[in-house]
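Single-structure report; data block below.
The values are calculated or read from the model by the stated rules, or taken from the named source; none is laboratory data. Every value quoted in this text rests on a predicted model; they were computed, and no experiment measured them. Ideal geometry is used to build each Cβ from the backbone, glycine not excepted, and the neighbour counts take in all protein chains shown. Just so you know, the surface numbers come from the protein's heavy atoms only, side chains and all, with ligands and any DNA or RNA stripped out. Shrake-Rupley method; radii C 1.70, N 1.55, O 1.52, S 1.80 Å.
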Amino acid sequence: MNISNKSTINLTTAQALIKFLDQQYISVDGTEIKFIKGVFAIFGHGNVLGIGQALEEDAGDLILHQGRNEQGMALAAMGFAKQNLRRQIYACSASVGPGSTNMVTAAAAASANRIPLLLLPADVYACRQPDPVLQQCEQTYDASISANDAFRAVSRYWDRISRPQQLMSSLLHAMRVLTSPADTGAVTLALPQDVQAEVYAYPVSFFKKRVHRIERTLPTQDMLLDALRVMLAKSKPLIICGGGAKYSGAGAALEAFAERFNIPITETQAGKSTLLSEHPLNLGGIGVTGSLAANMLAKEADLIIGIGTRYTDFTTGSKGLFKDDAKFLNINIAAFDAGKMEGIQVVADAKITLEYLLDKLIAIDYEKKINSQINAQWRDEIIKAKAAQANELKRIWNVDYTDASFVPEINDALDQQAVFAEFIKLTQSCLTQSTVLGVLNEHLGENDIIVGASGSLPGDLQRAWCSKAYNSYHLEYGYSCMGYEVNAGLGVKLAEPNKDVFVLVGDGAYMMAHSELVTSIQERAKINIILFDNMTNGCINNLQIGNGMSSFGTEFRFRDPQTMQLDGGFIPIDFAMNAASYGCKTYRVTTLDELHNALADARTQKVSTLIDIKVLPKTMLDGYLSWWRVGLANISKKESITAAARKLRLEIEQARAY
């Protein structure tokens, strides 16, 4: 490359982009780490001769991974960033047109979950001279729009680099967002294919090493005083530990705070495994998919201390889980979330805030100032709830399929028995989802990470999974993106190469997207897929049946030539054979003995594995003391639907309005 003078260097836009990304670092609590590990890419026209050429010629220390599907590779990058607690990322490069728009879903998942994801979609020609080009989506009313404008709604920062010199300011803004604890998410820089190849004399100083400090925002004295006042005014506090607590590294501070004042802790999906499940104050998941213990105490608490939570409808039970007079104290780095539920706002870092609050509460002798008798009663309720949860776990891990307690309300119990009989005849399996999860919970240890995202499994896991190690529970539930599981599993393995990664996925989500399973084979990055095959989109099937409908379009059945409906026999799929064709070691499981043997053998393998477990439909766990608002028809020919709608309206009337 030619250096025109001492202060500039001639580079293509793509070369400058790669050179800049290679020099980005972050610093957290004095520890410095390279921020961008590498690039996931699928090369095609629009990026192979631009970014592809730049990576081939001088990638620096950036690692290139070859994706199989653009959505899949972007989800893998998201999984990597999430497991690294947002402190290291991969960029994703895709070709023009469908290659780029394939990443829109991943962008939405990253932004919903506040996970940094840098997307570099190729774009149509900025000069427009050859328009319309292959895979260009033209709009008659606005020639400046391209398919990549679809990313605007799902990105935290979006730009189109129409001139080479624009790259500099755009990249600085991109790094601002990617390294922000409050505003991070998907960053999309659309790159027209002609601009990628254009040359500009960039300042050499632009490519110096940059260290972005992720600061711990301190709470103000007024914020702390507000927090102290509300804590002194209430006697039954309960903590909701969200993802922000985990990303802050607040686990030890949270444990010390809760233990000192005997405050029970509940968890969101993102917050789970910030503390170990065995901790006597940890009551597990809360809300629609919450545990028995957490939801028991949520209904009694008069102060909800939300730490790094977005208060989604699943966490709040569609705003119907808590007492009307309960107050909310919200510790959150994002002001947008701190103001939810009309809460008292402490806009600050979770770890620092908990440490400050602990010191101030000790200084004012908080334990003596609150009613000791009420505090003792609250302590007793915590112990009872924890004991009830332990007994419930023993029951659900060992439930028999004939036990109707875990089968959701259905219109005709005989129909359910007929489904069981049909499934058993086809698969020779009587395994239930809850029993299989019990075996997995027993088998997996401190060096194992579980990954999940969609269907009924996240609900069962939040209700009942016992986390044995910090950051060992990796669930994407902000967007509940079907197809996240397997692809993110690769990202988690790249982030934690010395740990075993177990992907828990349903048959529906596996069929939706599992492209990067092949990349795991290519990279020798072993992941273990635990596939629950119930021949049904079970979560939504339960939602139908629980709200008065019959099974309709959610079971995987042949079309019956007589009825012309999808109500023929189940479609038998051999998922083990599918994964074996990629090079995985696979197992087909229909008994507990086969499951134990498969898990033991999978441990010894060097390649990715898939355990295809045939589990009876509708054998997931039911909810505990909560409800979920859904869009249910208010008029129907079926009395069962009309009755469900009446019940829903009553629940809505009792929930908080905002």
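Worth pointing out:
- Charged-residue dipole, Cβ positions (Lys, Arg, Asp, Glu), the chain about Cα centre, Debye nearest 20: 1160
- Cα-based shape type of the range 463-509, given that a ≥ b ≥ c are square roots of the gyration tensor eigenvalues and the cut on a/c is 1.5: oblate
- Given their separation in residues at 0.36 nm each and the Cα-Cα distance between them, Cys466 and Asp593 gain 43.5 nm when the chain is fully extended.
- Taking label points 7 Å from Cα along the Cα-to-Cβ direction, Arg649 and Tyr25 give a separation of 6.4 nm.
- Using Cβ point charges alone (K and R +1, D and E -1), the dipole size of the range 279-347 about the Cα centre works out to roughly 120 debye.
- Computed over the range 1-52, Kirkwood Rh from alpha-carbon pairs, angstrom: 13.3
- Per-residue Karplus couplings for the range 96-112, computed as 6.51 cos²θ - 1.76 cosθ + 1.60 with θ equal to phi - 60°, are listed in order as 5, x, x, x, 6, 5, 4, 8, 4, 4, 5, 4, 4, 4, 5, 5, 4 Hz, Gly and Pro entered as x.
- Of all DSSP beta bridges confined to the chain, the antiparallel ones make up roughly 15%.
- Only Cα pairs under 8 Å and 6+ residues apart enter the sum, and on that basis the relative contact order of the chain stands at 13 percent.
- Only Lys, Arg (+1) and Asp, Glu (-1) charged, at Cβ; the range 8-131 dipole about Cα centre in debye: 440
- Relative contact order of the range 15-158, pairs being alpha-carbon contacts under 8 Å that are 6 or more residues apart, as %: 22
- Couplings for the range 583-598, taken from phi via the Karplus curve 6.51 cos²θ - 1.76 cosθ + 1.60 with θ = phi - 60°, read x, 7, 7, 10, 9, 10, 10, 10, 9, 5, 4, 4, 5, 4, 5, 5 Hz in order; Gly and Pro are left as x.
- Under a 5 Å amide H cut-off, with hydrogens placed 1.01 Å from N, Asn547 pairs with nothing among residues at least 5 apart or on other chains.
- DSSP bridge orientation in the range 1-112 - percent antiparallel, rounded to nearest 5: 30
- Charge dipole of the range 526-621 about the Cα centre (unit charges at C-beta), most positive-ward option of Leu616, Ala579, Gly569: Ala579
- Solvent-accessible heavy-atom area per residue, rounded to whole Å², over the chain at 1.4 Å: 40
- Three-way shape call for the range 12-136 based on the alpha-carbon gyration tensor, with the a/c threshold at 1.5: oblate
- Among the protein heavy atoms of the chain, carbon and sulfur supply 53% of the accessible surface, probe 1.4 Å, non-protein parts ignored.
- Here's the picture: charge each Lys and Arg Cβ at +1 and each Asp and Glu Cβ at -1 in the chain, and of Gln66, Gln129, Leu17 the one pushed furthest to the positive end of that dipole is Leu17.
- Amide proton proximity set for Asn47, modelled H, under 5 Å, gap of 5+: Val96
- For the range 105-201, the spherically averaged projection of the C-alpha convex hull amounts to 6.7 nm².
- Using R0 = 35 Å, the C-beta based FRET efficiency linking Lys425 and Arg395 works out to 0.80.
- Checking every one of the trypsin sites (Lys or Arg not before Pro) in the range 184-221 against DSSP loop status and a limit of 12 other Cβ atoms within 10 Å picks out Lys208, Lys209.
- The residue list Ala388, Phe206, Pro98 was ranked by how far each Cα lies along the charge dipole of the chain toward its positive end, using unit charges on Cβ atoms, and Phe206 comes out on top.
- Rounded to two decimals, the Cα-based Rg/Rh of the chain, with Kirkwood Rh, is 0.99.
- The Cα-based radius of gyration of the range 583-654, divided by its Kirkwood radius, gives an Rg/Rh of 1.31.
- Cross-link table Lys37/Lys351; Lys319/Lys340; Lys234/Lys368; Lys19/Lys493; Lys425/Lys585; Lys6/Lys209, entries beyond 21 Å C-alpha to C-alpha: Lys37/Lys351; Lys19/Lys493; Lys425/Lys585
- Based on C-alpha pairs under 8 angstrom that are at least 6 apart in sequence, the range 271-372 has a relative contact order of 18 percent.
- In Å², nearest 10: area of Tyr25 left accessible to a 1.4 Å probe: 50
- Helix-only [θ]222 nm of the chain, DSSP H runs n ≥ 4, -39500 (n - 2.57) each, per residue, nearest 500: -11500 deg cm²/dmol
- Under 19 Å from a label point set 7 Å out along the Cα-to-Cβ vector of Gln166, the amide N atoms of the range 195-218 belong to 195-203.
- Distances between placed amide hydrogens fall under 5 Å for His65 paired with Val39, Phe40, Ala41, all partners being 5 or more residues away or on another chain.
- When the listed pairs Lys82/Lys606; Lys394/Lys618; Lys82/Lys327 are checked against a 29 Å cut-off, the alpha-carbon distance exceeds it for Lys82/Lys327.
- Rg(Cα)/(2.2 N^0.38 Å) for the range 487-606, N = residue count: 1.25
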